[in-house]
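Input: a single structure, listed below in C-alpha cells.
Read-outs: derived from the displayed coordinates by stated rules, not from any lab. Computed from a prediction, not measured in an experiment: that's the story for all the values here. Using ideal geometry, Cβ is built from the backbone for each residue, glycine included, and neighbour counts are taken over all protein chains shown.
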Amino acid sequence: MTDAKVTLVSEATQETQTAVTGPTGTYQFPLLKPGKYSVTVEKAGFRRIVDRSEVLLGQTTTINAKLEIGEATQTIESSERTIASNRRRQHCLER
C-alpha cells in the first residue's frame, strides 16, 4: 500500500519518527536504538494499525502489516513481541 503514514514512538523516550510508504509499500526506520516501540500505520479509508514491539540488536527486522478497509477511527492492535534488529526496522504493507 503506497502513501500510508507510519509513526514510530519510543516507549522509553517518547521520541517520534514518521515515514510514508513507497511504491512497493515499504518503509524504514534506520539506526533504531534497542528498546520498546509503538508503530502506527494509517491511511484514509483504512483501519489504523498499532503494533508494539521490542527491538534488539542482531538482524534486520521485517514486519508485514495488512491494512483493512474501514473507518480511520477503528484501530487494530497487535500484541507486544520481541524482535531482533541491526538498528534498522523495515515494514512492508500488503495491498
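Descriptive notes on the structure:
- Count of the stretch 2-36 residues which are without any contact (Cβ under 8 Å) to a residue 24 or more places away in the chain and of a type in the set (A, V, I, L, M): 2
- The stretch 37-53 residues that are part of a strand (DSSP E or B), paired with ones that are among the acidic types (D, E) and buried (at least 19 other Cβ atoms within 10 Å of the Cβ) (beta carbon under 6 Å, 6 or more apart): V39/D51
- Answer residue from the stretch 41-58, given it is surrounded by fewer than 19 Cβ atoms within 10 Å (Cβ to Cβ) and not basic (K, R) and is nearest to I69 (Cα to Cα) among those: G45
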